[in-house]
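Here is the structure we will look at, set down as structure tokens.
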Ligand SMILES: [Zn+2]
């Protein structure tokens, strides 16, 4: 294992080099000073998505839309699990309304759709919302 890795900032999306042995709670962005591991899900544009995809943390992606009832119900579950996995993965949300090209790129046919992206590659996909324990089980299989 290398002694440092790249993490994109959840606030300004600049890439940061992080020492592997640094306590994650202390890591701050060199550009904007925001915590690098806040344990929160956040919305990304296509460009911001690429910054996170091209860093070393796995991504858990939630494709959603404002008119989608199941997406609204799932949002707090995604948020809760994001907190639980703060050190291990980035939880990003892609609005299929504001980022239709990104949704098209991944051929998203229904929402919500969840996806795990590792080393720039999609490694798992799940159409439809999950409960918290189901989501954790799914993530443990794929992260
Ligand atoms: Zn930043």
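Readers should treat all values here as calculations from the given coordinates under stated rules, not as data from a laboratory. Values in this document were obtained by computation on a predicted structure and should not be read as measured data. Note that we place each Cβ from the backbone using ideal geometry, even for glycine, and neighbour counts take in every protein chain shown.
How far, in nm, would the chain grow between residue 17 and residue 3 when pulled straight, counting 0.36 nm per residue and subtracting the alpha carbon separation? If you can, show how the numbers build up before the last one.
Working: separation 14, 0.36 × 14 = 5.04 nm, distance 1.02 nm.
Contour length minus Cα-Cα distance gives 4.0 nm.
Taking neighbour Cβ counts within 10 Å as the exposure measure, how do 108, 77, 6 sort from fewest upward? Each step should come with its number before you reach the end.
Details: 108 21, 77 18, 6 13.
By the 10 Å Cβ count, ascending: 6, 77, 108.
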Legend entry - Euclidean distance between Cα centres, segment 64-143 to segment 22-39, Å: 23
Inset, instruction - Using only the alpha carbons of segment 1-82, determine the length spanned along each of the three principal axes and report them from longest to shortest in whole angstroms. - result: 43, 26, 25
Inset, instruction - Counting helices only, and only those DSSP H runs with n ≥ 4, report the 222 nm mean residue ellipticity of the chain as the sum of -39,500 (n - 2.57) divided by its residues, in deg cm²/dmol to the nearest 500. - result: -8500 deg cm²/dmol
Legend entry - segment 72-143 - Rg and Dmax from Cα coordinates, angstrom: 12.0, 31
Legend entry - Footprinting exposure proxy for 97, 48, 79, 26 (fewest neighbouring C-beta atoms within 10 Å first): 26, 97, 79, 48
Legend entry - Overall Cα dimensions of segment 22-143 - principal axes, largest extent first, Å: 39, 31, 24
Legend entry - Using alpha-carbon coordinates, inclination of helix 132-142 to the longest axis of the chain, degrees: 60
Inset, instruction - Using only Cα atoms, tell me the angle between helix 69-84 and the longest principal axis of the chain; keep it within 0 to 90° and round to the nearest 10. - result: 20
